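Novice: Before I ask anything, let me first share the structure, which is written out below as structure tokens.
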Amino acid sequence: MGMTMTQKILAAHAGLDEVRPGQLINVRLDQVLGNDITTPVAINEFEKAGFTSVFDRARINIVLDHFVPNKDVKSAQQSKQCRDFARRHEIVNFFDVGKMGIEHALLPEQGIVTAGDTIIGADSHTCTYGAVGAFSTGGGSTDMAAAMATGSLWFKVPSAIRFVLKGALQPRVSGKDVILHIIGKIGVDGALYKSMEFTGEGVASLSMDDRLCICNMAIEAGAKNGIFPVDDVTVAYLSGRSQRPWTVYEADADAEYDETIEIDLSAIEPTVSWPHLPENTHTAKESEHITIDQVVIGSCTNGRLEDMQAAYEILNGKHVADGVRVIIIPGTMAVYKACIKNGWTEAFVDAGCVVSTPTCGPCLGGYMGILADHERCVSTTNRNFVGRMGHVTSEIYLASPAVAAASALTGHITDPREVE
Amino acid sequence: MNANGRVFKYPDNVDTDVIIPARYLNSQDAKELAQHCMEDIDPEFVRKVHEGDIIVGGWNFGCGSSREHAPLVIKTCGVSCVIAKSFARIFYRNSINIGMPILECEAASDAIENGDEVSIDFDTGVITNVTKGEMYQAEPFPPFIQDIIRAGGLMNSIRAKEGNA
């Protein structure tokens, strides 16, 4: 019996010829990650257990992104604890203000994660890096502490759902619409404990930014990881960027999957997840009666260059609707700089938006756009749970940057093809 | 190892944002955070919970963020076990890694009601509903995971292994 792509990466990193679903294995890690919320807890666990040195200072990544530039004294103390630890252990990939980006936008962009890697991050959206052909998953702070100490971690080998992608996306439909559509189809626990392996001739038509967005939200279907095969798009992305040589793993032809689901990319419409679960999907057209107070364009899901470009193309030369607050957050300093250089930042400001430096900020209700009671926000972020962005009666509608930008212009949820 | 307490019953898909909202995550002090446990789904929880009480959820308990603060605040409130039909995988990992007992049991989740008195035998996985006089069988953990729980969490178990090496 053959293995899935994920199983092959795990087997190779566990020193085993083969692994089976359900098997508990100890896996060698290529990269370890934490942020300004989860790293302090990991540092405490690491030190409480009596560890004094990390396994490899070049394979630990600490990214201050959730509450920076720090929003209050307490979050400043947490950043300081991360900074002191990074200095003491000479952590190579420590990203502070001015250098940081939202972790899952930053690590692929910097070439820190690459094909064939195993990566654990103390952040649920660590599953993003499956886009470059890596096994990548989220864990907790104790996982991070153990990984920093030993360079390895326990995993249960997942079974997989295979998604066979066909056709190509229509204009103004993006990776975000694909993953919202899939979550709407299988539910928020539709891939619980499993891998989501994306294959098929449709894969070639998806950009790396689309793939990063799709894998980013695999966790929103409960998945352990999402993963794309390594193809020409991957190689073009990694070339000149990847800091280490990469390894290509392919699923065996006789690999077993729990289920195979065909997705016709050409049939996917601009999609919106209504409160309070990402599985509550409707097309943007079905959502046009919903008026909004705020728009957020950014996050580890949609803070990349193509996301900013989509927002620019829709907002340029126009003005946001009266009574709508629009917050645009480029995901990394490189994206931030490109927005300035391309004149997009000026267009955003002229359109009546504010543009922030990279931060997770409003996505998790930290700061930079908290909602009052009964307010509604169209957001390119990843979760629309109760109270996630502010007051418990506020509402989040998840959508792509194109839908969010179009909705900003009209003041209600809008299919981007309606405003062009 | 046993547990016994009154049940707080919740629906499917209880997410980590309602277990401990991110607006409080500028702190890592477990006692301070525990004052906000379940705040956005059950504002009365913290006032009503007693040492040993049990949380019963449905499918996909603990979905969302990886924040270990979620099982930590539940544990800090004195909850002795969370029973659910299924757990989101990071919540499951985190609970094991910090030594917070959890059990998967569909029958128990279906039958147990809010306020029932329940006792649990962790060695056998038998859940007894004292109020209703019913028993349910949960899947016991595989030995690998039992070792982590018995050691009091992942860091202790790593330390113990290093000591034996």
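The values are calculated or read from the model by the stated rules, or taken from the named source; none is laboratory data. Note that this is a predicted model, so its numbers are computed, not measured. Every residue, glycine among them, receives a Cβ derived from its backbone with ideal geometry; neighbour counts consider all protein chains shown. Heavy atoms of the whole protein, side chains included, go into the accessibility calculation; ligands, DNA and RNA do not. Shrake-Rupley method; radii C 1.70, N 1.55, O 1.52, S 1.80 Å.
Novice: Tell me which strands (runs of 3 or more DSSP E) are completely within the range A:314-402 and hold 1 or more residues being open to solvent by 40 Å² or more (accessible area, probe 1.4 Å) and over 21 Å from A:T281 (Cα atoms), or say none if there are none.
Specialist: In the range A:314-402, the matching strands (runs of 3 or more DSSP E) lie at A:325-328.
Novice: May I pose another question? In the range A:102-136, which residues are within 14 Å of chain B (Cβ to nearest Cβ) and among the acidic types (D, E)?
Specialist: A:E103, A:D123
Novice: Let me ask another. Looking at B:S86, is it facing chain A (nearest Cβ under 9 Å) and either farther than 25 Å from A:P362 by Cα or touching a Cys at 6+ places or on another chain (Cβ under 9 Å) (or both)?
Specialist: yes
Novice: For the range A:230-254, which residues satisfy the criterion of being open to solvent by 90 Å² or more (accessible area, probe 1.4 Å) and small (G, A, S)?
Specialist: Those that are open to solvent by 90 Å² or more (accessible area, probe 1.4 Å) and small (G, A, S): A:G240, A:A253.
Novice: With the requirement that a residue be assigned to a loop (DSSP other than H, G, I, E, B) and either open to solvent by 40 Å² or more (accessible area, probe 1.4 Å) or modelled with pLDDT of 95 or more (or both), what does the range B:84-122 give you?
Specialist: Once the filter is applied, which keeps residues that are assigned to a loop (DSSP other than H, G, I, E, B) and either open to solvent by 40 Å² or more (accessible area, probe 1.4 Å) or modelled with pLDDT of 95 or more (or both), the range B:84-122 yields B:K85, B:S86, B:A88, B:C105, B:I112, B:E113, B:N114, B:G115, B:D116, B:F122.
Novice: Keeping to the range A:10-51, report how many residues are part of a loop (DSSP other than H, G, I, E, B), away from every other protein chain (no Cβ under 13 Å) and open to solvent by 20 Å² or more (accessible area, probe 1.4 Å).
Specialist: 6
Novice: Right, here's the next one. Taking the conditions exactly as written (assigned to a helix (DSSP H, G or I) and more than 28 Å from A:D307 (Cβ to Cβ)), does A:A131 satisfy them or not?
Specialist: Against the criterion (assigned to a helix (DSSP H, G or I) and more than 28 Å from A:D307 (Cβ to Cβ)), A:A131 does not qualify.
Novice: What is the residue count in the range A:138-186 for residues that are of a type outside the set (A, V, I, L, M) and open to solvent by less than 10 Å² (accessible area, probe 1.4 Å)?
Specialist: Count: 13.
Novice: Here is a further query. Filter the range B:123-165 for residues that are at the interface with chain A (Cβ under 9 Å from one of its Cβ atoms) and outside any helix (DSSP H, G or I); which is most open to solvent (accessible area, probe 1.4 Å)?
Specialist: B:P142
Novice: How many of the residues making up the range A:191-232 are assigned to a helix (DSSP H, G or I) and closer than 20 Å to A:L106 by Cβ?
Specialist: Total meeting the criteria: 12.
Novice: Within the bounds of the range A:86-101, is there any residue that is within 12 Å of another protein chain (Cβ to nearest Cβ) and either modelled with pLDDT of 95 or more or closer than 18 Å to B:N94 by Cβ (or both)?
Specialist: no
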